[in-house]
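Structure first, commentary second.
Every number here is computed from the coordinates shown, using simple stated rules; none is lab data. The structure presented is a predicted model; accordingly, all values stated were derived computationally and were not measured. As a convention, Cβ positions derive from the backbone with ideal geometry for all residues, glycine included, and neighbour counts pool all protein chains shown.
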Amino acid sequence: MGKAYICTNVVANAGSPQITCTHFYGNFEFVVGNCTFKMQAFRRCPNFCRSYSTQPPLPELARVARTRSAPLAVRLRRRKQFGAIPEGESDSTKTGLTPTEQARYTRLNAQGALPAGQTEEKWLAKLNARRSRVRGFIRKKQGDITETEVLGRRVYLPNIVLKLVRNHTPPGQPYNPYEATFRIPQSVTKTDVRSLLQAIYGVKVTYIRTDNYISPWYRTINGFERRSYKTYKRAVVGLVDPFYYPHRLEDMPADKKKQREEWIEKHFSIQHTRNLQKEELLRMTKGQGRMSWKLNAPYATKKSHIIRLVAERRAKREELVNDFAVGIRDLREKGEKIEYDKLKAKVLKTPIPSPDTPSPPTSASVE
């Protein structure tokens, strides 16, 4: 995988050792005596050549992405040698060379291994031409005939799952559109990722950085085990064309965020599902008989909710007591008779009971 070839027909005449190439696609055969040989020839397809991040012209954000996605050991070595690089800046030169390429060019130039007058741009173009060569086949010469042998193994209709996730962006830093992050199986290589993106999606890749994440050990009934969904391989891919990931809910305006949350809840019922799971968990942990408990309010599931309800009820009770005290004080200042039923109706804003209605035993008049 990852190699770009196109089949062409090659027809050999029985009376001539020369092979004539045509522009048709498919297998070809040639006849020598009474024997017929079927072979395949391959030619380079320029549309499938790999484009590298060092190939000019390169956008500034792409250079920043290449600098930030360098391996940790490389970044530490460059920081020790050249100093820390400010956030959002690249360590490449004006001609597009990385510090490693710049050191290599300087060393070769000092040794006299480069042709006279070869500039950094020409040397980089030659280097990129070698990097962009089509790989995956070898040419073998047997006598006067040169044969092309394809290396590796062809994969048709691969069942490889590439999960596109959001790039890791430190707080306060802008999202870099010249990088894409994938979670891939551990058996997938960089060549597989590059070939799959180019052949199926037509995405041009500049560089690929991979790292493996291993799940920590978790204690279970049967001992310790790792969780498979926390063990994965991450591939950070450099892009030639920018790709803008959809905005997060935290980055949306208030109105769009509310519309997005309503749409998600309507089509996926995430919050409703969480409430059902919480209710089922409460039902399972309720207990039986004397050890059981009763859920009286929808907010009584957490200690903070219980404290809030108690505080609200206490404030309401104190407000009613204060209103009764103010009403009694006003009646005493006016010299009127204090009746509990009328005062209660005035404070609670309820209709005054009729005289025929017997009053409760605790509703005695207060002088």
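Worth pointing out:
- Here each label is just a point 7 Å from Cα along the line to Cβ, and for residue 76 and residue 157 those points are 4.7 nm apart.
- DSSP-assigned coil residues among chymotrypsin sites (Phe, Trp or Tyr not before Pro) in the stretch 177-265, each with at most 10 further Cβ atoms within 10 Å: 244
- 64, 310 arranged by Cβ crowding within 10 Å, fewest neighbours leading: 310, 64
- Partner lysines for residue 256 [C-alpha distance under 24 Å; skip if fewer than 8 residues away on the same chain]: 266
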